[in-house]
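The values are calculated or read from the model by the stated rules, or taken from the named source; none is laboratory data. No experiment lies behind these values; they were computed from the predicted model shown. Neighbour counts are summed over all protein chains in view; Cβ atoms, including those assigned to glycine, are modelled from backbone coordinates with ideal geometry.
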Amino acid sequence: MKSYIKDQIKKSFETKQALYENETVLTAIEQVAKKCVELYRSDKKTILAGNGGSAADAQHIAAELVGRYGFDRPSIPSLALTTDTSNLTAIGNDYGYDYVFSRQIEGMGQDGDIFIGISTSGNSKNIINAFESAKKKGILCVALVGRDGGEMAKMADIAIVIPSNSTPRIQESHILVGHIICDIIEKEIFADGVSK
């Protein structure tokens with residue numbers, strides 16, 4: 001069993017190594033971080049959504065920004081669309097699950113915000129619909145995906161495509177990318193808890 005455990009860790013290392021060496025992905029991460037810093041300096045917010053494990057990642061990243069990541073500082077506005085069960089169930093019941101995020105963006109998204117859609121396949125219909133709603137409102141769309149990027153990568157303004165076909169490896173890398181972006185945002189905007 002230990003050899004199997006080591007093999008799983010090794011596969012995670014290999015995915016991170018591929019990520020480390022992929023200039024296209026590194027550039028996309030940098031672009032997203034810079035855009036987030038710009039929007040926060042303009043009093044806008046990030047909006048995140050995903051399904052299953054990606055829903056948990058959306059909540060995790062939003063919490064790092066609203067709470068704190070590396071040090072104490074003022075709260076940064078970020079919203080995970082996966083947390084309000086009344087919204088999710090009402091929209092799912094009345095319109096269908098494919099619209100649980102797009103309806104929320106219609107109501108809460110503002111021109112200049114950034115929407116980060118998270119999906120391992122890049123083909124989640126409810127995120128694709130959310131991208132369509134976001135674009136109508138002037139919201140920048142970021143795809144945090146894996147595999148070949150799917151439809152989301154084609155629709156996004158910026159696509160961060162993890163170089164892997166394995167759902168667990170993609171999800172592990174998504175949270176790494178989320179942490180990097182949170183770290184950059186925090187360090188660029190605040191120093192010792194004071195806004196730059």
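Specify which of the listed residues (Tyr40, Tyr20, Tyr69) is in a helix (DSSP H, G or I), more than 21 Å from Ser119 (Cβ to Cβ), touching a helix residue (DSSP H, G or I) at 6+ places or on another chain (Cβ under 7 Å) and hydroxyl-bearing (Ser, Thr, Tyr).
Result: Tyr40 is the single residue among Tyr40, Tyr20, Tyr69 that is in a helix (DSSP H, G or I), more than 21 Å from Ser119 (Cβ to Cβ), touching a helix residue (DSSP H, G or I) at 6+ places or on another chain (Cβ under 7 Å) and hydroxyl-bearing (Ser, Thr, Tyr).
Name the residues in region 163-186 that are among the aliphatic types (A, V, I, L, M) and farther than 10 Å from Ser121 by Cα, would you?
Ile175, Leu176, Val177, Ile180, Ile181, Ile184, Ile185
Only residues that are hydrophobic (A, V, I, L, M, F, W, C), within 17 Å of Ile47 (Cβ to Cβ) and either over 15 Å from the mean Cα position of the chain (by Cα) or part of a loop (DSSP other than H, G, I, E, B) (or both): list them for region 72-93, please.
Ile76, Leu81, Leu88, Ile91
Output the number of the condition that Ile47 fails; it satisfies all remaining conditions of (1) surrounded by 17 or more Cβ atoms within 10 Å (Cβ to Cβ); (2) part of a helix (DSSP H, G or I).
(2)
Yes or no: Glu64 part of a helix (DSSP H, G or I) and surrounded by fewer than 19 Cβ atoms within 10 Å (Cβ to Cβ)?
no
Looking only at residues in region 43-74 that are out of contact with any Ser or Thr (no Cβ under 9 Å at 6 or more places or on another chain) and at pLDDT below 95, which one is farthest from Ala33 (Cα to Cα)?
Per the stated criteria, the residue is Asp72.
Against the condition among the hydrophobic types (A, V, I, L, M, F, W, C), assigned to a loop (DSSP other than H, G, I, E, B) and under 19 Å from the mean Cα position of the chain (by Cα), how does Ile116 come out, does it pass?
Details: among the hydrophobic types (A, V, I, L, M, F, W, C): yes; assigned to a loop (DSSP other than H, G, I, E, B): no; under 19 Å from the mean Cα position of the chain (by Cα): yes.
Considered against the rule, which asks whether it is among the hydrophobic types (A, V, I, L, M, F, W, C), assigned to a loop (DSSP other than H, G, I, E, B) and under 19 Å from the mean Cα position of the chain (by Cα), Ile116 comes out as no.
Taking the criterion of being out of contact with any helix residue (DSSP H, G or I) (no Cβ under 8 Å at 6 or more places or on another chain), at pLDDT 95 or above and more than 18 Å from Glu38 (Cβ to Cβ), would at least one residue in region 105-122 satisfy it?
Of the residues in region 105-122, the ones out of contact with any helix residue (DSSP H, G or I) (no Cβ under 8 Å at 6 or more places or on another chain) are 107-108, 110-111.
Adding the requirement that they be at pLDDT 95 or above leaves 107-108, 110-111.
Next, only the ones that are more than 18 Å from Glu38 (Cβ to Cβ) stay: 107-108.
For region 105-122, residues out of contact with any helix residue (DSSP H, G or I) (no Cβ under 8 Å at 6 or more places or on another chain), at pLDDT 95 or above and more than 18 Å from Glu38 (Cβ to Cβ): present.
Any residue in region 58-87 that is under 25 Å from Arg103 (Cβ atoms) and free of Cβ contacts under 8 Å to residues at least 24 places away in the same chain sitting within a Cβ distance under 7 Å of a residue that is crowded, with 21+ Cβ neighbours inside 10 Å and among the β-branched types (Val, Ile, Thr)? List the pairs, counting only those 6 or more apart or interchain.
Qualifying pairs under 7 Å: Val66/Ile76.
Right, Ile128: part of a helix (DSSP H, G or I), surrounded by fewer than 24 Cβ atoms within 10 Å (Cβ to Cβ) and under 16 Å from the mean Cα position of the chain (by Cα) or not?
For Ile128, the condition - part of a helix (DSSP H, G or I), surrounded by fewer than 24 Cβ atoms within 10 Å (Cβ to Cβ) and under 16 Å from the mean Cα position of the chain (by Cα) - is met.
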